[in-house]
Amino acid sequence: MGLLRLAAVTVFAVAAVAAFTAAAPSERLASATAATCTPSVGPGIPPPASVPSGIPGFHAAWYGQSGYPTLCPGQTSTATVAYYNSGSRGWLFQAFLGTWNPSPGQDQPSLLGGDGTHGSPATGWWNYNRLTAQPAGYVGPNQVSWFQFTIRAPQTPGTYKLYIRPLIEGEQWMEDYGVFWQITVLPAGDAGQRVTVGQVNTGEDFFTDGATTFRYDVNDVFQYASVSIRYDQFEQALSSGDILDVRYEPTMGAVSTFNFAHDIGYGPPTLTWRIGNYDAGTTKNDVRVSLDFPPSNVREDYAPERASVAAGTTTCDRLAGRYVFVGSFSDFNVPSGTYCYRAGLLNPATQIRAYGYTSPVTIPTPPEPIWLRPTSQDARVISAGGRSASTFDGGDEIKIAFNEAMRTCSPGTRIRLRDADGTVADIVVDVGECGVFDTPQTLGAVTYPAFQVLSIILGEVPTEVSPGTITGVQAPATVTAQEGVLDEDGYPWDLAGSLDVVLGDPD
């Protein structure tokens with residue numbers, strides 16, 4: 001059996017109750033590093049001296065609440081608020097607390113609690129936007145109802161607010177007194193450890209990373225890509241080779257956090273993006289998202305989503321904005337603005353997607369017009385090792401830098417060359433011999449953006465069309481015609497307007 005840690009609960013009562021998990025003095029055996037962080041709860045807020053009463057219909061007056069908690073990342077706190085039935089009608093299983101403006105917004109999911117859906121953590125709320133229901137079956141006029149719900153601190157230190165408002169479900173919202181909870185999240189002390197799971201023993205509640213043993217129990221915090229999951233879901237997903245971010249407390253009664261950073265079989269993909277004209281329009285206002293998924297993943301059914309974010313956003317993550325399904329990795333006619341894209345594979349054990357995110361994508365105002373034809377700025381041939389530097393041979397690499405993003409060559413792409421002694425020959429590009437670099441590339445001391453440098457690896461010696469005075473195509477050679485070298489909008493290479501169409505090394 002594993003060591004079961006008992007949670008010590010501190011209770012404050014000033015017309016309200018607040019609770020948080022505190023450390024007990026006993027220790028549990030483990031060799032992992034401890035993290036330090038001390039939670040607290042502020043004083044409760046007492047009810048007002050007087051409240052209205054007997055207002056016709058459904059009405060509620062705020063009647064006190066528990067204090068604002070200061071928590072460690074991933075820690076939970078029980079919040080309590082009292083409402084006085086100031087109306088003439090009783091509440092018969094109808095009164096709820098709902099999320100409200102300005103944070104997270106009316107009926108919106110919160111980062112601080114929920115039922116595990118719509119990106120909310122699983123803290124036992126009624127659903128993602130209903131914190132709790134009245135505990136008594138009936139609350140009559142002039143009676144007080146005490147509502148309790150659980151808040152979980154996000155992993156990122158900072159100050160968070162949760163605004164609430166009472167309502168009679170299916171009937172009406174009651175008075176808005178501006179009630180909110182302010183949650184302060186402290187730094188964890190120890191930033192945590194990234195561990196690779198070795199041996200797993202769910203029967204005795206532990207796993208190893210090399211010689212280190214990590215023990216866990218039902219009182220710990222379990223997360224999947226920073227979204228809360230249950231103890232049983234954690235055990236279903238845990239397997240050898242998984243990578244976890246761990247904030248570990250070896251003290252019995254304290255709370256450790258175990259967060260899946262990479263789950264073998266369901267890891268987050270790597271996303272890159274390009275802005276272009278993919279619908280034959282007149283401007284570059286389409287976004288194409290490319291996805292590279294871990295080879296260990298068991299499926300490829302990723303769901304692309306997009307969120308509109310503030311200008312100047314530097315990082316895309318689950319907190320960046322409200323993501324909506326876009327249906328395709330080619331997102332057409334995107335309005336001017338800044339966006340984040342994400343995609344993830346659903347883990348059936350946790351029912352959570354481990355999302356990969358793009359960097360922020362900005363469609364300018366107005367969108368950039370398309371370039372009618374691409375022009376080459378620098379053209380080179382790099383001789384393969386052990387081959388002649390003066391002739392074009394199999395294995396040689398051609399690199400051409402363009403003024404805009406290019407497509408990977410399609411099979412059958414043909415480039416005609418003419419060298420100084422009059423030899424004319426065709427390079428015929430086969431499958432896998434042509435591609436664009438998805439990172440910036442430097443040619444001739446000039447750095448070109450991603451997707452603007454085309455690379456062609458010669459699979460064989462160019463096919464001679466007419467002989468010159470010397471056998472074979474000699475470098476440098478001029479490109480005189482081409483078929484199949486296209487920009488991302490489908491326009492062909494403009495040889496006449498290009499700055500450099502001579503393949504040579506040096507150039």
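The values are calculated or read from the model by the stated rules, or taken from the named source; none is laboratory data. Since we're looking at a predicted model, the values are computed, not measured. In this analysis, Cβ positions are derived from the backbone assuming ideal geometry, glycine residues included, and neighbour counts consider all displayed protein chains. Side chains included, ligands, DNA and RNA excluded: accessible areas come from the protein's heavy atoms. Shrake-Rupley method; radii C 1.70, N 1.55, O 1.52, S 1.80 Å.
Summary table below
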{"quantity": "Test: residue in region 356-375 that is closer than 24 Å to residue 458 by Cβ and either charged (D, E, K, R) or in contact with a Phe, Trp or Tyr (Cβ under 9 Å, 6 or more places away or on another chain) (or both)", "calculated": "yes"}
{"quantity": "Residue pairs meeting the criteria (Cβ under 8 Å; at least 6 apart or on separate chains; first free of Cβ contacts under 8 Å to residues at least 24 places away in the same chain, in region 103-118; second outside any loop (DSSP other than H, G, I, E, B) and of a type in the set (A, V, I, L, M))", "calculated": "114/122; 115/122"}
{"quantity": "Answer residue from region 301-311, given it is open to solvent by 20 Å² or more (accessible area, probe 1.4 Å) and among the small types (Gly, Ala, Ser) and is modelled with the highest pLDDT among those", "calculated": "308"}
{"quantity": "Residue within region 370-385 that is of a type in the set (Asp, Glu) and at pLDDT 90 or above present", "calculated": "yes"}
{"quantity": "So residue 240, is it touching a residue at least 12 places away in the same chain (Cβ under 8 Å), touching a strand residue (DSSP E or B) at 6+ places or on another chain (Cβ under 7 Å), hydroxyl-bearing (Ser, Thr, Tyr) and in a loop (DSSP other than H, G, I, E, B)", "calculated": "yes"}
{"quantity": "Qualifying residue in region 458-478 (condition: assigned to a strand (DSSP E or B), closer than 30 Å to residue 281 by Cβ, in contact (Cβ under 8 Å) with a residue 40 or more places away in the chain and open to solvent by 20 Å² or more (accessible area, probe 1.4 Å))", "calculated": "no"}
{"quantity": "Whichever residue in region 257-272 is open to solvent by less than 50 Å² (accessible area, probe 1.4 Å) and assigned to a strand (DSSP E or B) and, among such residues, is nearest to residue 450 (Cα to Cα)", "calculated": "271"}
{"quantity": "Any pair with Cβ under 8 angstrom, 6 or more apart, that starts in region 301-318 at a residue that is closer than 11 Å to residue 340 by Cβ and ends at one that is of a type in the set (Lys, Arg) and modelled with pLDDT under 90", "calculated": "307/322; 308/322"}
{"quantity": "Those residues of region 273-300 which are open to solvent by less than 90 Å² (accessible area, probe 1.4 Å) and of a type in the set (Gly, Ala, Ser), in sequence order", "calculated": "276, 281, 290, 296"}
{"quantity": "Which listed residue is over 21 Å from residue 350 (Cβ atoms), more than 27 Å from the chain's Cα centre (by Cα), open to solvent by 40 Å² or more (accessible area, probe 1.4 Å) and aliphatic (A, V, I, L, M), from 133, 211", "calculated": "211"}
{"quantity": "Residue pairs meeting the criteria (Cβ under 9 Å; at least 6 apart or on separate chains; first at positive phi, in region 49-67; second among the aliphatic types (A, V, I, L, M) and modelled with pLDDT under 95)", "calculated": "64/14; 64/15; 64/16; 64/45"}
{"quantity": "Selected residue [without any contact (Cβ under 8 Å) to a residue 60 or more places away in the chain and in contact with a Lys or Arg (Cβ under 7 Å, 6 or more places away or on another chain)] from 339, 357", "calculated": "339"}
{"quantity": "One residue from 166, 187 being open to solvent by 60 Å² or more (accessible area, probe 1.4 Å) and not charged (D, E, K, R)", "calculated": "187"}
{"quantity": "Residues located in region 151-160, provided they are part of a strand (DSSP E or B) and open to solvent by less than 80 Å² (accessible area, probe 1.4 Å)", "calculated": "151, 152, 158, 160"}
{"quantity": "Selected residue (only one of 494, 500 is open to solvent by 20 Å² or more (accessible area, probe 1.4 Å), out of contact with any Cys (no Cβ under 7 Å at 6 or more places or on another chain), more than 24 Å from residue 274 (Cα to Cα) and not in a strand (DSSP E or B))", "calculated": "500"}
{"quantity": "Extreme residue, farthest from residue 82 (Cα to Cα), among residues of region 190-206 that are open to solvent by less than 50 Å² (accessible area, probe 1.4 Å) and of a type in the set (S, T, N, Q)", "calculated": "201"}
